[in-house]
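A.B. asks: Quick one: the structure is below, questions incoming.
The values are calculated or read from the model by the stated rules, or taken from the named source; none is laboratory data. Everything numeric in this text was worked out from a predicted model, so none of it was measured. We place every Cβ from the backbone using ideal geometry, glycine too, and count neighbours over all the protein chains shown. What goes into the accessible areas is simple: the full protein's heavy atoms, side chains included, and nothing from ligands, DNA or RNA. Shrake-Rupley method; radii C 1.70, N 1.55, O 1.52, S 1.80 Å.
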Amino acid sequence: MTNPAGPGPSRPDPGLDAIMSERNQLINLAYRLLGSLAEAEDVVQETYARWYAMPPQRRAAIESPGGWLTTVASRVCLDLLGSARARRERYVGEWLPEPLPDGTEWISGRWEGNPPDPADRVTLDESVDMAFLVVLESMTPAERVAFILHDVFRYPFTEVAGIVGRTPAACRQLASSARRRLRASRPVTIPAARRTDLVRAFKQAWEANDIEALIGLLAPDATATGDGGGLVRAELRPLEGAEQIAHFFADRPSAAPNATVLERTVNGRPGLVAQLDGVTVSVLAFDVANDRIQRIWAVLNPDKLRSWTER
């Protein structure tokens, strides 16, 4: 992706607008790799800092500034993912990805040559689904980077290899392993309208403290996971079973009687947002299977809700 600086003519240094136009792609990439919008923004800031730390003649010698920025951002993410497990072992309670509000601008990805086999790809909206991001957390850093770069952002394995530090064949195996994990964990897709109906019915039953209705909407083996990060009281272990979850949510209105529950899009899927005095205090994402709610993820950690509070 780069040419060494040396004698001979060089290209003009790319302008600020051209370099900053890559920011959306870098944010999108780093968020999927890290599951944190705040960390993604830090990665992009570090990437640009490294770009402008280079001498002008070296920047001018880079054939593809966008490719250089993507490579650096991916490597910074890879380093962060390597230390993430240790950080999350110290995290209070369950760690969940940071939820994204609707309206985030997503890019279209890229490929060179013929379009790839659709069976080996996921769409950008799928790749921010909370269920998708939770599965990504179970992958090794190299698996996650190889899979996201190739299957989501459509980078060829020859380029992925240079970023991950493995051979193209090894990167192909990493992406294949990640793909198998996702396929094993993802239920059959149901229509978006039905997802919306189930989440709306859950909201209505929750507000009415209707335990029987809640049980009827939940799969018998449903799970509910809360992330308070030690800053907000949340169950330290996931709740299991429709009855336990239904009783838990039926008790919540009494804990915050003035809270307002709103229907919102969370990570591209129907979700719910709880607000208290206009401030977002909880964001709920849902996974649906066999016409029942299978999993609920509730993010209460205020550090992960800044993008919701600022809206």
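A.B. asks: In region 231-288, which residues are within 26 Å of S36 (Cα to Cα) and aromatic (F, W, Y)?
C.D. replies: The answer is F286, and nothing else.
A.B. asks: Filter region 65-99 for residues that are in a loop (DSSP other than H, G, I, E, B) and at pLDDT 90 or above and give the result.
C.D. replies: Once the filter is applied, which keeps residues that are in a loop (DSSP other than H, G, I, E, B) and at pLDDT 90 or above, region 65-99 yields E94, W95, L96, P97, E98, P99.
A.B. asks: Okay, moving on. Only residues that are in contact (Cβ under 8 Å) with a residue 40 or more places away in the chain and open to solvent by 30 Å² or more (accessible area, probe 1.4 Å): list them for region 66-83, please.
C.D. replies: Once the filter is applied, which keeps residues that are in contact (Cβ under 8 Å) with a residue 40 or more places away in the chain and open to solvent by 30 Å² or more (accessible area, probe 1.4 Å), region 66-83 yields W68, R75, L78, L80, G82.
A.B. asks: Moving to a separate point now. For region 61-106, which residues satisfy the criterion of being aliphatic (A, V, I, L, M) and closer than 26 Å to F157 by Cα?
C.D. replies: Passing the criteria: A61, I62, L69, V72, A73, V76, L78, L80, L81, A84.
A.B. asks: Within region 49-58, is even one residue open to solvent by 20 Å² or more (accessible area, probe 1.4 Å) and under 25 Å from the mean Cα position of the chain (by Cα)?
C.D. replies: yes
A.B. asks: May I pose another question? Applying the selection to region 49-77, what residues are under 14 Å from L26 (Cα atoms) and either touching a Leu at 6+ places or on another chain (Cβ under 8 Å) or among the aliphatic types (A, V, I, L, M) (or both)?
C.D. replies: Of everything in region 49-77, those that are under 14 Å from L26 (Cα atoms) and either touching a Leu at 6+ places or on another chain (Cβ under 8 Å) or among the aliphatic types (A, V, I, L, M) (or both) turn out to be A49, W51, L69, T70, V72, A73, S74, V76, C77.
A.B. asks: Let me ask something else about it. In the list F132, F147, which residue meets the criterion of being buried (at least 19 other Cβ atoms within 10 Å of the Cβ) and either among the acidic types (D, E) or modelled with pLDDT under 95 (or both)?
C.D. replies: F132
A.B. asks: Name the residue that is most open to solvent (accessible area, probe 1.4 Å), counting only residues in region 252-298 that are without any contact (Cβ under 8 Å) to a residue 24 or more places away in the chain and part of a loop (DSSP other than H, G, I, E, B).
C.D. replies: Across region 252-298, the extreme among qualifying residues is D277.
A.B. asks: Identify the residue in region 147-163 that is touching a residue at least 40 places away in the same chain (Cβ under 8 Å) and under 20 Å from the mean Cα position of the chain (by Cα) and, among all such residues, is nearest to L133 (Cα to Cα).
C.D. replies: Applying the filter and picking the extreme gives I148.
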